[in-house]
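The values are calculated or read from the model by the stated rules, or taken from the named source; none is laboratory data. All of these numbers come straight from a predicted model, not from anything done at the bench. Here the Cβ is made from the backbone with ideal geometry for all residues, glycine too, and neighbour counts use every protein chain on show.
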Amino acid sequence: MTDGILLICLYGPESTGKSTLARHLAAHYHTDYVPEVARELVTSNSFTADDIVRIGRAQTQRVLE
């Protein structure tokens with residue numbers, strides 16, 4: 001699956017610079033990063049547990065790609 005690939009997960013509260021840090025780290029190490037899928041899928045603060053599962057599956061798929 002990801003043999004020989006180091007995966008790093010940045011997590012924390014909203015608007016603390018995780019996406020910016022991920023982009024900078026990827027540029028510095030000449031590699032790729034996977035943007036947060038939830039930003040594409042969630043359009044409001046009203047979402048369900050099913051939405052969270054859908055986001056998790058989509059994020060995992062994006063990482064594997």
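Here are the numbers for this structure:
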| item | result |
| --- | --- |
| The listed residue being free of Cβ contacts under 8 Å to residues at least 60 places away in the same chain, of a type in the set (S, T, N, Q) and surrounded by 10 or more Cβ atoms within 10 Å (Cβ to Cβ), out of Ser44, Ser19 | Ser19 |
| Every residue from the stretch 1-13 that is over 19 Å from Arg62 (Cβ atoms) and within 13 Å of the chain's Cα centre (by Cα) | Gly12 |
| Within the chain, helices (runs of 4 or more DSSP H) holding 3 or more residues that are modelled with pLDDT of 85 or more | 18-28, 49-64 |
| Pick from the stretch 22-41, criterion charged (D, E, K, R) and surrounded by 10 or more Cβ atoms within 10 Å (Cβ to Cβ), ranking: nearest to Val63 (Cα to Cα) | Glu36 |
| Filter result for Ala49 (exposed (fewer than 10 other Cβ atoms within 10 Å of the Cβ) and either among the small types (Gly, Ala, Ser) or on the phi > 0 side of the Ramachandran plot (or both)) | yes |
